[in-house]
Amino acid sequence: AEVPIDLSIEGRYHDIARFFDLLAGLPRIVNMGAIDVKVGADTVDGTTLKVKGTATTFRFVGRDNA
């Protein structure tokens, strides 16, 4: 069975990339879909990004749960 999780994260480019790298390293399958990336803030200190999307993971559904 699919288990969708709505995500909304904000951070600098490398922070967002690190999040997705950690997500990829999880011991279960997680698919990212419908990703929307926008500039959150653009200041002298740097640019932050706002990312929204849906992470979908899966769980086993046995015959008794069907």
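The values are calculated or read from the model by the stated rules, or taken from the named source; none is laboratory data. Here the structure is a predicted model, which is why all the values come from computation and not from measurement. Don't worry about glycine lacking a Cβ; one is built from the backbone with ideal geometry, like all the others, and counts go over all protein chains shown. The area values use the complete protein model at the heavy-atom level, side chains included, leaving out ligands, DNA and RNA. Shrake-Rupley method; radii C 1.70, N 1.55, O 1.52, S 1.80 Å.
Averaged per residue, what accessible area in Å² does the chain show with a 1.4 Å probe, protein chains only?
For the chain, the solvent-accessible area averages 81 Å² per residue.
Go ahead and estimate [θ] at 222 nm for the chain from helices alone: -39,500 (n - 2.57) per DSSP H run with n ≥ 4, summed, over the residue count, rounded to 500.
It comes out at -5500 deg cm²/dmol, rounded to the nearest 500.
If contacts are Cα pairs under 8 angstrom and at least 6 residues apart, what is the relative contact order of the chain in percent?
47
Report in % the part of the accessible area of the chain that belongs to carbon and sulfur, leaving out ligands and nucleic acids; probe 1.4 Å.
54
Which FRET efficiency value, to the nearest 0.05, do you get for Phe20 and Thr43 by plugging their Cβ-Cβ distance into 1/(1 + (r/R0)^6) with R0 = 22 Å?
The computed FRET efficiency comes out at 0.40.
Please work out the ratio of the alpha-carbon Rg of the chain to 2.2 N^0.38 Å and round it to two decimals.
For the chain, the normalised Cα radius of gyration is 1.42.
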